[in-house]
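Down below is the structure, laid out as structure tokens.
The values are calculated or read from the model by the stated rules, or taken from the named source; none is laboratory data. Since we're looking at a predicted model, the values are computed, not measured. We place every Cβ from the backbone using ideal geometry, glycine too, and count neighbours over all the protein chains shown. Just the protein is used for accessible areas: all its heavy atoms, side chains included, with ligands, DNA and RNA removed. Shrake-Rupley method; radii C 1.70, N 1.55, O 1.52, S 1.80 Å.
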Amino acid sequence: QVQLVESGGGLVQAGGSLRLSCAASGSIRGVNTMAWSRQAPGNQRQLVAAITSRFSTNYADSVKGRFTISRDNAKNTVYLQMNSLKLEDTAVYYCGRFTDGMYYWGKGTLVTVSS
């Protein structure tokens, strides 16, 4: 099984930027869809962004225009560039791969946006 390890989370002021990285233990070249989701305390997990093997992307309305997902198959890494961060972006962010009809998620990285 390919393991996913997220990094890049931390504390940032509102309006700031962070770039999250997701390193896979194996090749992601054959994985059709890689994605980022997030879960804030007391909330359900929300799919934030996804990218296909053809580099087609989709975003949740709440992050559209502020977040950018990308993938580097040569490095087996997926990124989430987050700009213009808002207080409501505070959450644990998870990287996932869609395989065999379901998502497999990493353990997450915490993003805290302060005022």
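Quickly run through the stretch 70-93 and pick out the residues that are surrounded by fewer than 22 Cβ atoms within 10 Å (Cβ to Cβ) and under 9 Å from the mean Cα position of the chain (by Cα). Residues satisfying the conditions are TYR79, GLN81.
The set of residues in the stretch 26-52 that are among the small types (Gly, Ala, Ser) and at pLDDT 95 or above comprises ALA35, SER37, ALA40, ALA49, ALA50. The residues of the stretch 34-62 that are among the polar types (S, T, N, Q), open to solvent by 20 Å² or more (accessible area, probe 1.4 Å), in a strand (DSSP E or B) and closer than 17 Å to GLY106 by Cα, listed by number, are GLN39, GLN46. Can you say whether GLY26 is closer than 30 Å to SER115 by Cβ and surrounded by fewer than 14 Cβ atoms within 10 Å (Cβ to Cβ), as far as the supplied structure shows? Taking the combined requirement at face value, the residue does not satisfy it.
Could you say whether any residue in the stretch 1-9 is among the hydrophobic types (A, V, I, L, M, F, W, C) and open to solvent by 60 Å² or more (accessible area, probe 1.4 Å)? So far as the stretch 1-9 goes, yes, one or more of its residues are among the hydrophobic types (A, V, I, L, M, F, W, C) and open to solvent by 60 Å² or more (accessible area, probe 1.4 Å).
If you check GLY65, GLY101 for being surrounded by fewer than 14 Cβ atoms within 10 Å (Cβ to Cβ), modelled with pLDDT under 95 and not charged (D, E, K, R), only one passes: GLY101. When the stretch 35-45 is filtered for residues that are polar (S, T, N, Q) and touching a residue at least 24 places away in the same chain (Cβ under 8 Å), the ones remaining, listed by number, are SER37, GLN39, ASN43.
Looking across the stretch 1-20, the residues that are more than 20 Å from SER70 (Cα to Cα), part of a strand (DSSP E or B) and touching a Ser or Thr at 6+ places or on another chain (Cβ under 6 Å) come down to LEU11, GLN13.
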